[in-house]
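Engineer: Dropping a structure here in structure tokens format, bear with me for questions.
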2 protein chains.
Amino acid sequence: MDQIRTYFNRFIELTDEEWRAFGSCLQYTKVARGSLLLNAGEKCDSLAFIQQGLFRFYTLRDGEEKITGFFFSGDFVSNYRSFLTGQPSDHYIEAMQDSAVHIIRHRDLQSLYDRYKNMERLGRFISEQLYLTVASRLDSFMFDTPAERYLALQKRNSKLLEEIPQYMIASYLGIKPETLSRIRARQ
Amino acid sequence: MDQIRTYFNRFIELTDEEWRAFGSCLQYTKVARGSLLLNAGEKCDSLAFIQQGLFRFYTLRDGEEKITGFFFSGDFVSNYRSFLTGQPSDHYIEAMQDSAVHIIRHRDLQSLYDRYKNMERLGRFISEQLYLTVASRLDSFMFDTPAERYLALQKRNSKLLEEIPQYMIASYLGIKPETLSRIRARQ
């Protein structure tokens, strides 16, 4: 729980009352390795804060897994698009390790937004942050070569490169595993 | 001005007081065809609501113009990343026609957020909307072929295809003009 408060404090300091109201909405859940936190076709109606563990976010295209994100301890994980629009998810969220999360449901979050201006602001900050993350990933797909994308990833998140199998990293970078091997061999 | 209120009403209905407070921050500005609303290297410290006109959003990579967005009458235009982070813009915003905009400055918007919970909520809604837009563009770059991207654009925004030169459309789709000609010839 302290981990979440530290995360929020990056953006805004909640009062004790706001924090208690938020905390009372959280539900602690364990997710076994290989289990799905979200299935494709389901509506994503919660956000999960990862206390411990590792998740991958992927979709199937022409029968092939395409990984579009990895989420670590200390991150929020959700299909934010499905969460915002109410449309069914086209992605799966799968635990790659035995994991533990704190879940907050959509309707509880909306009620916190209604009750507290600071929660509303926090929601805006987090949304802005997610915008920046996805905008920067879009830039890298539009402008960078696969080798540049790999180098940027190394710089940004070396932890990811230690814990994730190479073929999943390749999928995340939008390249074939052989291409990733060649990039790594040239380093 | 009514145009802006209609735009906002898609998300939330502001009270008359909130609307007056917002309106009093707006500055009406004409932008001649070919002029820059934002120069690369500058910090983007305002949002502009387009009353009339057309803008393109582009960056230079290895001396080549790369267009990443078009903005029409009724849209907000800004370098939202630079606006949020305070970092200098790496993009230009250029009027492609004689245009007119209503501008609101960063500090005035922050003060509206402080004063009105509804403005805070509106800021969150708009940020969520921008997230969805950029996430969908990222998907199209990761998963779709150039031909699929062109067809999706036709479906989404036929106005764009009428008013924008083909070589700019090609740049926006991340393909060469010859590739776009081939795609169009096959239709």
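Quick note: the coordinates plus some simple rules give every number you see, no bench work behind them. The model shown is predicted, which means the values in this text are computed figures rather than measured ones. Note: ideal-geometry Cβ built from the backbone for every residue, glycine included; neighbour counts use all protein chains shown.
Engineer: Could we say that A:LYS176 is free of Cβ contacts under 8 Å to residues at least 12 places away in the same chain and within 26 Å of B:PHE125 (Cα to Cα) here?
Structural biologist: Judged against the criteria, A:LYS176 is not a match.
Engineer: Return a yes/no flag: does segment A:87-97 have any residue that is closer than 25 Å to A:ARG156 by Cβ, in contact with a Gly (Cβ under 9 Å, 6 or more places away or on another chain) and polar (S, T, N, Q).
Structural biologist: Scanning segment A:87-97, I find at least one residue that is closer than 25 Å to A:ARG156 by Cβ, in contact with a Gly (Cβ under 9 Å, 6 or more places away or on another chain) and polar (S, T, N, Q), so the answer is yes.
Engineer: OK, next. Check A:GLY41, A:GLY86, A:GLY69 and return the single one that is closer than 22 Å to A:LEU138 by Cβ and either surrounded by fewer than 18 Cβ atoms within 10 Å (Cβ to Cβ) or out of contact with any strand residue (DSSP E or B) (no Cβ under 7 Å at 6 or more places or on another chain) (or both).
Structural biologist: A:GLY69
Engineer: Which of the residues that make up segment A:134-155 are more than 9 Å from chain B (Cβ to nearest Cβ) and hydroxyl-bearing (Ser, Thr, Tyr)?
Structural biologist: A:SER140, A:THR145, A:TYR150
Engineer: Which of the residues that make up segment B:72-83 are crowded, with 19+ Cβ neighbours inside 10 Å and not in a loop (DSSP other than H, G, I, E, B)?
Structural biologist: Those that are crowded, with 19+ Cβ neighbours inside 10 Å and not in a loop (DSSP other than H, G, I, E, B): B:VAL77, B:TYR80, B:ARG81, B:SER82, B:PHE83.
Engineer: For A:THR145, which of the numbered conditions (1) farther than 18 Å from B:THR133 by Cα; (2) surrounded by 19 or more Cβ atoms within 10 Å (Cβ to Cβ); (3) β-branched (Val, Ile, Thr) fails to hold?
Structural biologist: Among (1) farther than 18 Å from B:THR133 by Cα; (2) surrounded by 19 or more Cβ atoms within 10 Å (Cβ to Cβ); (3) β-branched (Val, Ile, Thr), the lone unmet condition for A:THR145 is (2).
Engineer: So which residues in segment B:148-160 are under 16 Å from the mean Cα position of the chain (by Cα) and either exposed (fewer than 14 other Cβ atoms within 10 Å of the Cβ) or in a loop (DSSP other than H, G, I, E, B) (or both)?
Structural biologist: Passing the criteria: B:ARG156, B:ASN157, B:LYS159.
Engineer: What about A:SER158, is it facing chain B (nearest Cβ under 9 Å) and small (Gly, Ala, Ser)?
Structural biologist: Criteria not met by A:SER158.
Engineer: Is there any pair with a first residue in segment A:1-15 that is in contact (Cβ under 8 Å) with a residue 24 or more places away in the chain and a second that is polar (S, T, N, Q) and part of a helix (DSSP H, G or I) whose Cβ atoms are under 9 Å apart and which are 6 or more apart or on different chains, and what are they?
Structural biologist: As it stands, the answer is A:PHE11/A:GLN129; A:ILE12/A:ASN118; A:LEU14/A:ASN118; A:THR15/A:ASN118, since those pairs meet every condition given.
Engineer: Restricting to segment A:87-127, and then to whatever is in a loop (DSSP other than H, G, I, E, B) and within 12 Å of chain B (Cβ to nearest Cβ), can you tell me which residue is farthest from A:PHE57 (Cα to Cα)?
Structural biologist: So, considering only residues that are in a loop (DSSP other than H, G, I, E, B) and within 12 Å of chain B (Cβ to nearest Cβ), the one farthest from A:PHE57 (Cα to Cα) is A:TYR116.
Engineer: Could you tell me which residue of segment B:1-31 is farthest from B:LEU109 (Cα to Cα), considering only residues that are surrounded by 16 or more Cβ atoms within 10 Å (Cβ to Cβ) and in contact with a His (Cβ under 8 Å, 6 or more places away or on another chain)?
Structural biologist: Checked segment B:1-31; the qualifying residue farthest from B:LEU109 (Cα to Cα) is B:ILE4.
Engineer: Sticking with this one: Among (1) within 14 Å of chain A (Cβ to nearest Cβ); (2) aliphatic (A, V, I, L, M); (3) touching a residue at least 12 places away in the same chain (Cβ under 8 Å), there is one condition B:VAL77 misses while meeting the rest; what is its number?
Structural biologist: It is condition (1) that B:VAL77 fails.
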